[in-house]
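Participant: Have a look at the structure that comes next, please.
Bear in mind that the values in this text are calculations on the coordinates, not laboratory data. Treat the numbers as computed from the prediction; the structure is a model and nothing was measured. A quick note on method: Cβ atoms are made from the backbone with ideal geometry, for glycine too, and the neighbour counts reach across all protein chains shown.
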Amino acid sequence: MTTHVEREIAGQPACWRQAAAPAPDESAGLPRRGERVAVVGCGTSYFVAQSYARLREEAGHGETDAFAASELPRGRVYDRCLALCRSGTTTEVVDLLGQVSAPSTVITAVAGSPAVAAAGQALVLDFADERSVVQTRFATSTLILLRAHLGDDVLPAIADAEVALRQPLPDGVTGRTQFTFLGAGWTVGLAAEAALKMREAALSWAESYPAMEYRHGPIAVTDERSAVWMLGTAPAGLAAQVTATGGMWIEQDLDPLASLIGAQRLAVALAHARGLNPDAPRHLTRSVILPPAVTGRDL
């Protein structure tokens, strides 16, 4: 039987088209060019925040910092706080939005949620909401929306997403037991998200690093059990070094966000192979909702 997460992975190209057309303008509460921005989220949303922050700075739109919602530095001044939260109920995000002094915007999948009530403005991507605990299409649709808002032509990425859904997984990758995902620049966040999908859905030993950091220690664990997946363009010589260890090197000629779809599919394939339900990872729920005393803080 097809799981919710499989259907949600397959639906990403359609969601990306809807997220990108038309790209919202500044009246929707997204950061304006020149603003100093803090982008916050938890789990997958934090990794999307990391990718967007790097893309926004590289596009020349202004200084942009990404934080886990619980880690925004006290007293630091920003022109805008952008929060990413699929459910709109995550405790750390709702608490932060209720206390932050800067104008705030939340991108969420659920209208009428506590995060929407706490934020100054909200963008609701209800078409990308999910039934699975494991996030896929909401996170990637959010990043497509933000890339489009920065002026990026996302149509090639959407076309690559269709390819990523059709093409088979790399031959032999499901036989590996240790997985490392690498990124550079804005794709460091994608690498972290790919590794998280492997841990959540398949309970796999998965790590992530900036690609140039891989030689500084992590390569020591690489052997014939390993698969090393590069999201984006690899540093010169790294593929040969990984291959020499016995590890499987994976690098796809796709937009890195489309390549992330391959990692999502791998996580689901491994979950099925191990008799796991990828819709319901152990110890996890759709949203982390904590008692008030756990996260109370003064910003």
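Participant: Residue by residue through the stretch 140-147, which ³J(HN,Hα) values in whole Hz follow from phi under the Karplus form 6.51 cos²θ - 1.76 cosθ + 1.60 (θ = phi - 60°), with glycine and proline marked x?
Facilitator: Residue by residue, the stretch 140-147 yields 6, 5, 4, 5, 4, 4, 5, 5 Hz.
Participant: PRE reach from Glu58 (point 7 Å along Cα→Cβ): which of the stretch 197-232 fall under 14 Å by backbone N?
Facilitator: 210-212, 231-232
Participant: Moving on to the next point. Given a 10 angstrom Cα cut-off, can you work out which residue in Ala21, Ala157, Ala195 is the most mobile in a GNM of the chain?
Facilitator: Between Ala21, Ala157, Ala195, it is Ala21 that shows the largest mean-square fluctuation.
Participant: Give me the Debye-computed log₁₀ of I(q)/I(0) at q = 0.12, 0.13, 0.26, 0.31 Å⁻¹ for the stretch 93-147, equal point scatterers on Cα only, no solvent, two decimals.
Facilitator: -0.28, -0.33, -1.05, -1.18
Participant: What trypsin sites (Lys or Arg not before Pro) in the stretch 87-186 are in a loop by DSSP, with at most 15 other Cβ atoms within 10 Å of the Cβ?
Facilitator: Arg131
Participant: With r defined as the distance between the Cβ atoms of Arg76 and Gln18 and R0 fixed at 41 Å, what FRET efficiency is calculated, to the nearest 0.05?
Facilitator: In this case the efficiency is close to 0.75.
Participant: List, in order, the whole-Hz ³J(HN,Hα) value for each residue of the stretch 104-119 obtained from phi through the Karplus relation with A = 6.51, B = -1.76, C = 1.60 and θ = phi - 60°; use x for Gly and Pro.
Facilitator: 10, 9, 10, 9, 9, 9, 10, 5, x, 7, x, 5, 5, 5, 7, 7
Participant: Quick one: Cα centre-to-centre distance for the stretch 1-29 and the stretch 168-229, in angstrom?
Facilitator: Computed from Cα coordinates, the inter-centre distance equals 25 Å.
Participant: Treat every Asp and Glu Cβ in the stretch 154-299 as -1 and every Lys and Arg Cβ as +1, leave all other atoms uncharged, and give the resulting dipole magnitude about the Cα centre to the nearest 20 debye.
Facilitator: Magnitude of the dipole: close to 460 debye.
Participant: To continue, here is another question. Once the Cβ-Cβ distance between Leu155 and Ala28 is put in as r, and R0 is 25 Å, what FRET efficiency do you end up with, to the nearest 0.05?
Facilitator: Calculated value: 0.75.
Participant: Right, here's the next one. For the stretch 68-168, what does the alpha-carbon gyration tensor say about shape, rounded, prolate or oblate, given a ≥ b ≥ c as the root eigenvalues, a/c under 1.5 as rounded, and a/b over b/c as prolate?
Facilitator: In terms of gyration-tensor shape, prolate.
Participant: Take the stretch 194-299, compute every pairwise Cα distance, and split them into 10 Å bins from 0; I just need the percent in each bin.
Facilitator: Pairs per bin, as whole percents: 13, 36, 28, 16, 6, 0.
Participant: Quick one: which residues, 5+ away or cross-chain, put their amide H under 5 Å from the amide H of Ala66? H built at 1.01 Å from N.
Facilitator: Residues meeting the amide H criterion: Val39.
Participant: Could you give the nm distance between label points at Gln241 and Trp205, where each point is 7 Å from its Cα heading toward the beta carbon?
Facilitator: Here the modelled spin labels are 2.1 nm apart.
Participant: Another question, if that's okay. I need the phi-derived Karplus couplings for the stretch 70-83: 6.51 cos²θ - 1.76 cosθ + 1.60, θ = phi - 60°, integer Hz, Gly and Pro marked x.
Facilitator: Karplus-based 3J(HN,Hα) across the stretch 70-83 equals 7, 10, 4, x, 5, x, 6, 9, 10, 7, 7, 10, 10, 10 Hz.
Participant: Right, here's the next one. Residues with amide H under 5 Å of Gly120's amide H, sequence separation 5 or more or different chain, H placed in the peptide plane at 1.01 Å from N; which?
Facilitator: Here Ser104, Thr105 satisfy the definition.
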